[in-house]
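Bear in mind that the values in this text are calculations on the coordinates, not laboratory data. On a predicted model such as this, the values are computed, not experimentally measured, just so you know. As a convention, Cβ positions derive from the backbone with ideal geometry for all residues, glycine included, and neighbour counts pool all protein chains shown.
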């Protein structure tokens, strides 16, 4: 028995350094270990969520392209969630929720960057002077 300092800087008394040898492999028991059934379920969902948009586009099912775009974005978001759950094994219990928090932060940044970029490009296109492009074409030799 000896005293040592743990990872948080606290002194721990009566810990035998060799008592845990070989028993802590860095595995967290709360991490879900997927089975073959889980992988097959995820694969089938991924195939279905790929086939539906393919059918919608190739079959020309929706005539309005804006509606089709939003439906495709929704299906893509569902497919991302399927991949995170079935293949990346992400949930609120993994690493005390830090991986989920990191993912939420990443998604927030992505939404801000994409919406900001689309907003700027739309307003740049909308606010261009009407005759600007025709004048530029006439000036080129």
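What number of residues within the range 83-99 satisfy the criterion of being more than 10 Å from the chain's Cα centre (by Cα) and assigned to a helix (DSSP H, G or I)?
8
Give the number of residues within the range 62-82 that are closer than 30 Å to residue 36 by Cα and in contact with a helix residue (DSSP H, G or I) (Cβ under 7 Å, 6 or more places away or on another chain).
First, pick out the residues of the range 62-82 that are closer than 30 Å to residue 36 by Cα: 72-82.
Applying the additional criterion that residues be in contact with a helix residue (DSSP H, G or I) (Cβ under 7 Å, 6 or more places away or on another chain) yields 72, 75, 78-79, 82.
So the count comes out to 5.
Pairs only if they're at least six apart or on different chains, beta carbon under 7 angstrom, first in the range 62-88 and in contact (Cβ under 8 Å) with a residue 12 or more places away in the chain, second surrounded by fewer than 13 Cβ atoms within 10 Å (Cβ to Cβ) and part of a helix (DSSP H, G or I); list them, first residue then second.
From the range 62-88, the pairs are 86/39.
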